[in-house]
Every structure is written in structure tokens, then in C-alpha cells.
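The values are calculated or read from the model by the stated rules, or taken from the named source; none is laboratory data. Owing to the predicted nature of the structure, the values given are computational and were not obtained by experimental measurement. So basically every Cβ, Gly included, is an ideal-geometry build from the backbone, and we count neighbours across all protein chains shown.
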Amino acid sequence: MTPVYLSQLQLQSALGGTLAQAASGYIQGKLPTLMSDNAALPGGYFAVDAPKQHLHNRLQQLLQSTLNAAELNAADCLLLVASTALDVSLLEQRLAQGEALSMAMLPAFDDFAASISATFNFAAIRIINTACTSAANALLYGQRMLQAGLYQRVLVLAFEPPGNITRTGFSALELTSHSGQYRPFHPQRDGLILGETYATVILSSTADKAPQAVLLGGYSACDTHNITTTAEDGSHIAAVMQQALQQTALQSSDVSLLKLHGTATAANDSAEYNGVMRVFNQPLPALTVLKPYLGHTLGACGLSELALLFAGLQQGALPALPYATAASLPFSPAPQHIAAQAVIMANFFGFGGNNASLLLRSC
Amino acid sequence: MFSVIAQHQLQLDASTSDKALKLQLSQHLSQMPRRMDRLALLTLLLALPFRGQLKPGCGIYLAADYPSLANMYALLDTVVVQQQLPKPFEFVNSVSNAACFYAAQMLQLDGPNMFIGAGREPWQALAELAYADLHCNVVPEALLIRCLQGNNQLSGEAVQLRAGNWQPAQWQFSEFATAPR
């Protein structure tokens, strides 16, 4: 694989309206506040800590500011959109306001692309939905399409608004936390808390605009064990991590930091624990989880978590995990300094058997 | 760029029920996955002729114009109109790569598996993803599937590709269907 540079990372999340705000809170170990905005909906979520905006306006502003910061024209970029819900929340709002539901209201995927094309003339727009690996796959395929010479630049837009279908869906699956504490790999973990997020990044083969990270490569594949859970023995997760190492000609011993997927659901954490134990010798590399700080941002987590991680690394040490000594994996009870240029493995898993593992370096 | 190995097209009456689609599939499968939605059923019918024909590690690249329409309607009705919790399988199926999952399971493939939302011009988008994987030696071959449910349609096409020297000019399915073998 030919490495590609990640630059102009932008993030709106529960830790702040900008990436700098979020990173500042993150390295101090600040956890977001749970939002319960609708008594009819079960549980709460981590809402973006910024004024509310119409979804399309927010996305347009984010895309424009990313292009401006990179001094790029949209026509020079492939746009990869990674989201599980896209703008279905807008349809939910119309129904909640009293419009009658009809088949004709249901939006085609092309409608979303058209809403972006009305403002921006991207070289092409692709909408990727592979559940919670959507953004991880957008990064991987962005890299591969650059390597194949199909495009010069790739802009990845990853987002998840807090839609009612998503919030009730995870509740119906009994995967959401009742305690309101997001604690991956804790013995008393009780599920996930969803997070709202909007994130962008520019991928390019050249380090032309203050890159924040380098994507070395990775691998993504389908585990046909079960549609909602990967093989609990960790075998498929391990195979994907091994393939990611092979694609980048690295060994597990080269990895300095492992960013776990860590949903805090019983099955996922157990499978990931087993997968990690299959791939890495003792002592394990430094470990980190990002979902306690952002919530589970679903299809966007492949970018939102990396944006926060790399911005955090630029600002200082990664925060200690408050419950490190109780966790099933050996997290650090103290802040962790990660060396510049260290190799970082980042795991992302999703419904539909999608497992992905990326290898990156900080700049 | 590509070598076309095989292709398949399906044009069904849009009024065909899910039950009839399941029946059609069950004539070929000894074990039917449960609770598949219409998009998954159509995807499996399109993938069916490629069973046993694909190399291990083959990538699956699926494009659809809509998620499963009936499933999305039911979800909106249950959650927003009736303010009830959705049925778990309806929610899981609303993640559109569920159709990819069932296709991978039926074809016994564990390689890359991508879903893109694209109705009008899906072939260039699908082919670029497959080309990127073939070029980077991530997959030995690729199965591209396109499903259409909008505008009262129930149809689709599928193409098996390997690396080669042929490239479509207009990125239309008809070019893949008539490309030299």
C-alpha cells in the first residue's frame, strides 16, 4: 500500500463544536454530558456541543470550510460520504410535524447526493454504508482509489445525526446503556451510548497541507457468522487485523497504540478481547478507547475517533482510563505519551459482519 | 482495467410479493436465511448464478437506489407515527449492507463487502471500488451487483470481474454484458 496523508481534520462532537475544543477536553479526560431531549425516546445520547443547525446547512458549511482550509476546489476531489442514517432524521421531523407517511416520501440515495451537488461540483460523490465501518471503509477505499490513480484528492464526510429510528433501534436490540456510563471493557459494562457527530478529512498522496496523520493501509472484510455480532472467539477480528498488518508489511510488534472499537456491549467487547489476544504477544501495545468521549458515532466513528485521537496526540498525552484497573484489558491508569511517528492500529466493527482494521502514523 | 467473466440480469414484476421471491430462492437454497427484506431477497436472486463460481476472497460490491422500501416505511410508521420501538430485525435490515451480508453468507465469501447508495449511475462507482481493490491486490476478483426498486421496478444486474485490459466507455451495464470474454 502507498501511504496517504490525512489533513484538515474537522470534528463537531459532544466534546465541542470544533476539533480543537474536543481535543482539549479529551486530553483532560473530560466526558460529555448525556442529553435526554425527548421523554418518548429511551435513554439519552451525546449531542454535539454547538448550536443546533439544519442538517444540510451544517454539512454544507463543514464541506466548504474543509475545502477552504485545504485551498481546494470541489471539482478536484472525490467526495466519499459515510453515514448509516444520512438525512432520514429530516423525514422523521416532517412526520413528527404532522405530514402523512407515504411511500413517495421515502428518499432515494441519489436525493442525498443531489442535495450536495446543488452546492458543490465534486468530481464524484459516493455514499458508503457498511454500518459502523462506513467511515473506516471510506478512508481505506479513498486510499486505494488514490493509489489506483482514479482521483487526485479525496474528501471524506462522515456524520451521524441523532435520529429516532437509530435511537430506538439500538434500544430494541437491548444494546444501549441503562447506567448512562460508557465503559468499554469494564466488567459491569452495560451497553453503548450513541453520539452525534459531523467530521471531515482530506486524503492525498502528497503532504501538501499540514498533514495530521498518515494512513498506511488496512483491511476490511465480512464475517458471515451473524448479522449483528462477529464471531465471539475473535477469529474473524484477528484475521482482519492480521490482513491489515500484511497489507502494510508490518508486524504486530510494530504497533505502539491500539485504538479498540470498544462498543461496551457484552458480545463485541468479548470478541475484540479474544481477537486482540490472538494477534498480539504480551505485553500488549498501549490501548485506548474513544467512545466514552464521543459516544458511538456509528458509521462516522471511523473518522470521528481518529480525528479526536490524532488531535489529542498533537496536544499531549492521551488521558488515563478512569476504570483502567478494573478493565478486562490492560489499559493505562495514567496518561499515556505516544511517540511521534508511532504506528497506531485502529479497529472498527459493524453490523452486517463488517470488520475493519486500519494502520496509521501520527505526523 | 477489467476482464468480464460472467454477467446476469433479472427483471421481475414489481408487484411480485416477498413471499414469491422467497419461494423462488428456496428452490435453490437448502437453508434460507430468516427475516430478509426485499432488497436482500433481490440481491440474493442476482447473486445466485455465481454460487460456486467465485474465488475465495472475492469482493462483493452492491449498489441500490433505495434501502428496502417496505422495511423503511414500516420503521418510520412504527417509530415516528406510532412511537413504538421497532422490530429488531427491521432495524438491523435498515442498515443496507445487510443485503451484502446475506449475499456473502450464501456465496460463502469472507472478503471485502461494500454497499453504496446509488441509483442512476452506479456502474462507474461500483467498478472504481472493485478496480481499486484489484489494483491493490486486495481481491482476486469482484462481484458487482446493482438493485433497483424505485419507479415501480424490481430488477437488477450482476457482473463478475477480474483484472484485465478492457474498460467500458460509458459505464453502462450493456457494455459489461457485451464485453469480449
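Side notes on the structure shown:
- Counting only strands (runs of 3 or more DSSP E) wholly contained in the stretch A:130-231, the ones carrying 3 or more residues that are small (Gly, Ala, Ser) occupy A:213-222.
- The set of residues in the stretch B:131-143 being in a loop (DSSP other than H, G, I, E, B), of a type in the set (A, V, I, L, M) and either more than 9 Å from chain A (Cβ to nearest Cβ) or touching a helix residue (DSSP H, G or I) at 6+ places or on another chain (Cβ under 6 Å) (or both) consists of B:Val139 alone.
- Of the residues making up the stretch B:95-108, those that are more than 7 Å from chain A (Cβ to nearest Cβ) and either closer than 19 Å to A:Asn137 by Cβ or in a loop (DSSP other than H, G, I, E, B) (or both) are B:Ala99, B:Tyr102, B:Ala103, B:Gln108.
- B:Gln153 vs. criteria more than 7 Å from chain A (Cβ to nearest Cβ), surrounded by fewer than 24 Cβ atoms within 10 Å (Cβ to Cβ) and not small (Gly, Ala, Ser): yes
- The number of residues in the stretch A:29-58 that are away from chain B (no Cβ under 14 Å) and closer than 14 Å to A:Tyr182 by Cα comes to 10.
- The stretch A:105-132, subset more than 9 Å from chain B (Cβ to nearest Cβ) and among the polar types (S, T, N, Q), residue surrounded by the most Cβ atoms within 10 Å (Cβ to Cβ): A:Ser115
- Count - residues of the stretch A:145-164 that are at the interface with chain B (Cβ under 7 Å from one of its Cβ atoms) and either surrounded by fewer than 24 Cβ atoms within 10 Å (Cβ to Cβ) or without any contact (Cβ under 8 Å) to a residue 24 or more places away in the chain (or both): 4
- Being surrounded by fewer than 22 Cβ atoms within 10 Å (Cβ to Cβ) and at pLDDT below 95 is a property that A:Ala334 lacks.
- Where A:Arg144 falls short, out of the listed (1) touching a Cys at 6+ places or on another chain (Cβ under 6 Å); (2) over 27 Å from B:Phe101 (Cα atoms): (2)
- The one condition in (1) within 9 Å of chain A (Cβ to nearest Cβ); (2) within 30 Å of B:Ser30 (Cβ to Cβ); (3) not hydroxyl-bearing (Ser, Thr, Tyr) that B:Glu128 fails to fulfil: (2)
- Within the stretch B:69-93, the residues that satisfy the criterion of being of a type in the set (A, V, I, L, M) and more than 7 Å from chain A (Cβ to nearest Cβ) are B:Ala70, B:Ala74.
- Meeting the requirement of 3 or more residues that are in contact (Cβ under 8 Å) with a residue 60 or more places away in the chain, the helices (runs of 4 or more DSSP H) wholly within the stretch A:1-117 are A:19-27, A:55-70, A:88-96.
- Meets criteria (in contact with a strand residue (DSSP E or B) (Cβ under 6 Å, 6 or more places away or on another chain), of a type in the set (A, V, I, L, M) and more than 14 Å from chain B (Cβ to nearest Cβ)) for A:Ala286: yes
- Residue in the stretch A:265-277 that is charged (D, E, K, R) and either at positive phi or free of Cβ contacts under 8 Å to residues at least 60 places away in the same chain (or both) present: no
- Qualifying positions in the stretch A:226-248 - more than 12 Å from A:Asn268 (Cβ to Cβ), surrounded by fewer than 21 Cβ atoms within 10 Å (Cβ to Cβ) and of a type in the set (A, V, I, L, M): A:Ala239
- Counting only helices (runs of 4 or more DSSP H) that fall entirely inside the stretch A:242-315 and contain at least 1 residues that are over 26 Å from A:Cys363 (Cα atoms) and polar (S, T, N, Q), the qualifying elements are A:266-279.
- The number of residues in the stretch B:109-127 being crowded, with 21+ Cβ neighbours inside 10 Å and in a helix (DSSP H, G or I) comes to 5.
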